[in-house]
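The values are calculated or read from the model by the stated rules, or taken from the named source; none is laboratory data. Computed from a predicted model, the values in this text were never measured in an experiment. Methodologically, a virtual Cβ is constructed for each residue, glycine included, from the backbone with ideal geometry; neighbour enumeration extends over all protein chains shown. With ligands, DNA and RNA removed, areas are computed over all heavy atoms of the protein, side chains included. Shrake-Rupley method; radii C 1.70, N 1.55, O 1.52, S 1.80 Å.
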Amino acid sequence: MHKLSRTNRDKLQQFVSITGASEKSALQALKASDWQIEAAFDVFYSQPQPKSNDPYSDMILAEGVSVLCSELQVEPQDIVTLVLSWHMNAATACEFSKEEFCGGLLALGIDSIGKLQEKLSFMRSELKDEQKFYEIYNFAFGWAKEKGQKSLALDTAIGMWQLLFAEREWPLVNHWCDFLQDRHNKAISKDTWAQLLEFARTVNPMLSNYDAEGAWPYLIDEFVEYLYDKSVVEK
Amino acid sequence: MSSSQSREPITIEDGIKLIDAAVTKLTRIIEGKPEPPFLPEEYIGNYTIVYNMCIQKPPHDSSGPLYEKYGAILQAYDKLTILPSIMEKHDEYMLRELSRWWEINKIMVRWLSHFFYYLDRYYIARNGIPSLTVVGMTCFRDHVYEKVHFNVKQVVIALIHKEREGQQIDRALLKNVLDLFVQNGMGNMERYEKDFEDFFLTETNSYYSRKASRWIQEDSCPEYMIKAEESLKKEKERVSHYLHSDTEPKLVANVQTNLLVSVAKQLLEKENSGCSALLRDDKTDDLSRMYRLYHAIPEGLEPVAVAFRLHVTAEGNSLIKQAEDAATSGIVEEQVLVRKIIDLHDKYMAYVTDCFQNHTLFHKSLKEAFEIFCNKKVAGSSSAEMLATFCDNLFKKAANDKSNDDSTIESTIDNVVKLLDYISDKDLFAEFYRKKLARRLLFGKFSDDHERSILTKLKGQFGGQFTSKMEGMVTDMQLGKDQQTGFEEYLKNANTGKPKGIDFTVTVLTTGFWPSYKTSDLNLPLEMVNCIESFKAHYEIKTNHRRLMWIYSLGNCNLTARFDAKPIELIVSTYQAAVLCAFNHTERLTYQELIDQLNLSHEDLVRVLHSLSCAKYKFLKKEPASKTISKTDSFEFNSKFTDKMRRIKVPLPPVDDRKKVVEDVDKDRRYAIDASLVRIMKSRKVLPHQQLVSECVEQLSRMFKPDIKMIKKRIEDLISRDYLERDTENPNTFKYVA
């Protein structure tokens with residue numbers, strides 16, 4: 001073992017925690033790229049990896065994600081991580097598989113942390129695009145729910161909604177979250193999630209164009225009743 | 001006929017002279033003046049003149065001039081003789097004159113045609129000109145009719161008015177005159193219509209419009225209707241007496257419009273005598289009249305049907321309210337209420353068939369009315385439940401009281417089936433009925449005939465699926481009898497004899513048909529266990545692969561209790577028997593000991609002990625002697641008990657399972673909705689939300705009225721289970737996922 005400088009040791013640790021690679025391969029990659037982390041990633045990922053028994057060895061996990069976030073100088077709860085995950089088509093929140101990570105970066109044309117950081121403001125702006133927001137919103141359901149569950153836990157859902165509708169103003173979002181905690185207290189189905197966006201997009205806050213005979217999910221009908229009950233909206 | 005003799009041709013002048021003479025004679029005859037009739041030679045002679053003049057060789061062939069002469073004769077007669085005579089007269093006399101001259105003219109034309117007949121055969125046919133008869137009629141029309149018809153019409157209408165006001169008139173005269181109008185149309189009805197009918201109808205219109213305004217103010221509805229009916233009758237008579245039959249429909253429409261249509265609202269809504277009042281006061285004759293009058297008018301019956309519906313609904317609602325009020329004092333009187341509703345139905349169905357001639361509009365009104373109040377709840381009981389209870393009581397009573405007339409039972413059953421049609425939650429009725437049927441069957445209080453009869457009728461009305469389980473239950477009882485015989489044979493043959501000398505009857509129920517019952521792990525007294533075992537042995541010989549599940553909660557038992565004073569036979573449920581038998585071996589038992597020994601649930605044991613120690617008959621002494629059972633109580637056989645009866649029945653009050661029934665039905669409904677939705681989507685593949693919901697409601701309406709919210713929830717459930725998905729373009733539409 002060479003004697004590593006402080007900075008290099010940090011880089012090594014960083015590399016390991018982000019990639020989950022063994023110290024040995026990490027060292028190799030870093031050396032090969034002259035201790036440039038970004039390049040090291042390239043090197044690392046372009047090499048055939050030794051098979052390991054650890055199913056998570058090809059994945060970036062929660063720890064790695066938080067390291068990545070601090071590198072990018074964003075909070076882990078920042079919505080831009082969602083956008084990034086969408087680009088990578090990540091299956092679950094706070095996890096990236098090797099294919100997802102590399103594939104996503106490739107598609108974005110990013111090969112360094114710096115470039116990634118620059119791309120962040122672009123990603124934020126994507127949320128303003130109608131079509132992209134629609135895709136990101138719907139992607140978020142599958143991404144945010146627990147693996148193996150069909151529905152999204154209420155707390156997570158509320159958190160996601162708060163986050164998403166902060167970008168895309170919907171005046172009724174707080175009432176919606178209150179209503180859910182007050183009257184529903186169960187998980188959110190995929191259909192309800194998807195239809196809520198439709199509701200937010202098409203029905204105006206005064207509910208004047210709400211069609212009670214329409215195919216809105218039961219929960220949304222209940223929400224409308226709730227709004228009338230609480231005199232938030234006049235019937 | 002002279003043939004070879006050559007004759008002098010007859011000149012026109014001569015011929016005309018001869019003809020004129022003949023005409024003069026003819027005129028005198030037909031006018032009734034003294035004149036000898038034509039002799040046959042004279043008659044033939046006249047004909048021959050014409051004949052000869054026609055066949056003469058030119059320039060003496062006189063067909064043309066003769067034809068002209070014929071026309072001239074008639075014209076002169078019309079103008080100079082007929083018309084002046086008519087114009088001299090007025091009023092009825094004018095009519096008579098006209099009528100008289102019309103007849104005369106006809107005769108004149110006929111005779112003259114005979115004289116001039118030869119013209120008809122050749123000259124007229126060859127030249128395509130009007131026949132002699134036509135010329136005659138046309139002449140009269142142009143020179144008489146056209147001049148007088150206006151005045152004649154005035155007179156006729158005046159006479160009709162007189163008759164309308166009650167006076168007698170000469171109907172035959174009017175018939176002749178109007179016939180004349182028709183005939184002067186010469187093949188079509190134009191003269192009659194334009195010169196008479198139009199004016200007549202206008203006059204009729206104003207006449208009845210005046211009458212209507214007066215009557216509607218002065219008369220009550222029934223009185224008005226009588227007058228209206230009378231008027232229509234009279235006008236129809238008028239047609240048969242002297243008007244042409246073509247006038248009838250126009251006349252009737254006219255009178256109806258004025259007397260019935262324009263005042264309909266006022267008439268039917270008359271306070272104290274209008275439609276609702278008549279219904280209220282059971283004035284069936286007046287209602288029948290109302291139907292007769294308004295039936296002929298398009299959409300005339302609608303307001304009557306509406307009034308009918310409102311009235312029946314109000315009556316029904318008040319029955320419901322009465323029952324509600326009675327219920328607040330604690331008693332829900334299903335028998336009374338259902339009977340009253342049945343009577344109401346019979347009463348108003350009679351109205352529909354008699355007064356309203358079975359018209360579909362009124363059937364519909366009756367149905368709608370009943371559907372409104374038959375689905376109301378009374379004191380928390382749904383109508384479905386009440387009807388089931390009604391049937392239960394009916395059959396229980398009938399089974400006990402054999403003197404009851406079968407036909408009244410049958411007609412009541414028919415009424416029940418009719419009422420069920422109006423109830424929307426039919427599946428709820430079926431469930432309650434099934435539960436009660438089970439109790440009836442198992443406790444022996446039933447008549448096979450009656451039970452089968454109602455099931456057959458229900459099947460006929462609502463389909464086999466509705467009654468299949470219940471039929472299965474009744475059949476089970478039948479089979480049960482045979483089985484019991486088989487079991488007794490077995491006991492005899494197997495030389496085991498009666499287990500411990502106990503008479504033992506088992507009823508085997510097919511699980512799917514009967515309501516679900518909880519089993520319990522009751523520890524039976526030994527004697528009973530032996531019975532069970534011996535039956536099991538027998539049953540296993542008879543059948544393979546069938547599991548027997550024993551439901552002790554439904555059984556009953558006859559025990560002899562040896563009290564000090566005298567032994568009394570007790571008829572109790574199996575649970576109660578088990579508790580009592582526990583005291584065969586010990587005098588005293590605590591609650592805890594009983595629980596341990598018998599392995600009953602606390603709920604059940606409390607109920608049983610209450611019925612044996614705190615109710616009417618206290619077979620067990622309880623310490624402390626409070627009104628309720630507590631877990632620290634202890635019990636002792638009450639040997640001092642006695643009663644004048646030798647047999648006492650101790651009923652165990654049944655647990656109220658209304659909530660459970662409603663829950664079960666709700667669950668079944670969810671499955672039914674799911675199945676219906678999938679069925680619809682499978683066949684339609686793509687369907688908008690509204691249509692899916694309405695088709696689903698329709699499919700299920702035979703059994704119950706599905707809640708729209710429930711349907712929505714089921715749709716969402718099916719989406720999450722990947723049976724359906726929303727169309728990406730249009731989220732209001734669903735697609736079937738294969």
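Here are a few things to note about the model shown:
- Close amide H partners of B:L724, meaning residues 5 or more places away or on another chain with modelled amide H under 5 Å apart, are B:I719, B:V737.
- Residues in the protein assembly as shown average 52 Å² of solvent-accessible surface per residue, probe 1.4 Å, ligands and nucleic acids excluded.
- Karplus-derived 3J(HN,Hα) values for the range B:555-566, using 6.51 cos²θ - 1.76 cosθ + 1.60 with θ = phi - 60°, are x, 9, 8, 9, 10, 9, 9, 8, 7, 4, 5, 7 Hz; glycine and proline are entered as x.
- Three-way shape call for the protein assembly as shown based on the alpha-carbon gyration tensor, with the a/c threshold at 1.5: oblate
- Estimated buried accessible area (total), pair A and B, 1.4 Å, Å² to nearest 100: 1200 Å²
- Maximal additional length on extending the B:F563-B:H114 stretch stands at 148.9 nm, based on 0.36 nm per residue less the C-alpha distance.
- The accessible-area ordering, largest first, of the residues B:Y51, B:Y348 stands as B:Y51, B:Y348, per a 1.4 angstrom probe.
- In straight-distance terms, cross-link reach from B:K542 covers every one of the aspartates and glutamates whose alpha-carbon lies under 19 Å from its own, apart from those fewer than eight places away in the same chain; here that gives B:D476, B:D482, B:E488, B:E489, B:E533.
- Cα gyration tensor shape of chain B, rounded if a/c is under 1.5, else prolate or oblate by comparing a/b with b/c: prolate
- HN-Hα J in Hz across the range B:55-62 - Karplus 6.51, -1.76, 1.60, θ = phi - 60°, x for Gly and Pro: 8, 4, 6, x, x, 9, 6, 10
- For the residues of B:715-724, the average number of beta carbons from a partner chain within 10 Å of their own beta carbon is 3.
- A straight chain from B:K644 to B:M189 at 0.36 nm per residue would run longer than the Cα-Cα distance by 153.9 nm.
- Shielding by partners - mean other protein chain Cβ count within 10 Å, residues of A:213-220: 6
- Those residues of the range B:675-703 whose amide nitrogen sits under 13 Å from the label point placed on B:N732, 7 Å along Cα→Cβ: B:688-692
- Residue-count net charge about A:E146 - beta-carbon cut-off 13 Å; Lys, Arg +1, Asp, Glu -1: +1
- Pairwise label distance in nanometres, B:K659 with A:R6, each label 7 Å out on the Cα-Cβ vector: 7.2 nm
- In Hz, Karplus ³J(HN,Hα) per residue of the range B:258-263 (6.51, -1.76, 1.60; θ = phi - 60°; x = Gly, Pro): 6, 7, 10, 6, 5, 10
- Whole-Å distance, taken between Cα centres, linking the range A:170-235 and the range B:343-359: 50 Å
- Carbon plus sulfur fraction of accessible area for chain B, probe 1.4 Å, in percent: 52 percent
- These residues, B:V352, B:V697, go from largest to smallest accessible area, 1.4 Å probe, as B:V697, B:V352.
- Reach of B:K631 by Cα under 17 Å, taken over aspartates and glutamates that are not fewer than 8 positions away in the same chain: B:E593, B:D596, B:E603, B:D604, B:E623
- In this structure, the residue pairs whose Cα-Cα separation is over 21 Å, taken from B:K376/B:K659; A:K190/B:K705; A:K186/B:K660; B:K347/B:K445; A:K186/B:K685; B:K33/B:K106, are A:K190/B:K705; A:K186/B:K660; B:K347/B:K445; A:K186/B:K685.
- Counting 0.36 nm for each residue step from B:Q357 to B:N599 and taking away their Cα separation leaves a gain of 80.4 nm.
- C-alpha center-to-center spacing [the range B:370-393, the range B:242-260] in angstrom: 51 Å
- Between A:Q131 and B:E368, the FRET efficiency estimated from the beta carbon spacing at R0 = 35 angstrom works out to 0.10.
- The B:N584 and B:I551 beta-carbon pair, evaluated with R₀ = 25 Å, returns a calculated FRET efficiency of approximately 0.55.
- Remark: spin-label model distance A:N174-B:S411 equals 7.2 nm, labels positioned 7 Å along the Cα→Cβ axis.
- At least 50 Å² of accessible area lost relative to the chain alone, listed for the range A:167-206 with a 1.4 Å probe: A:D191
- Straight-distance crosslink candidates among lysines, where the alpha carbon sits under 16 Å from A:K24 and sequence neighbours closer than 8 are dropped: A:K3, A:K11, A:K51
- B:I571/B:A314 FRET efficiency (R0 41 Å; Cβ-Cβ; nearest 0.05): 0.25
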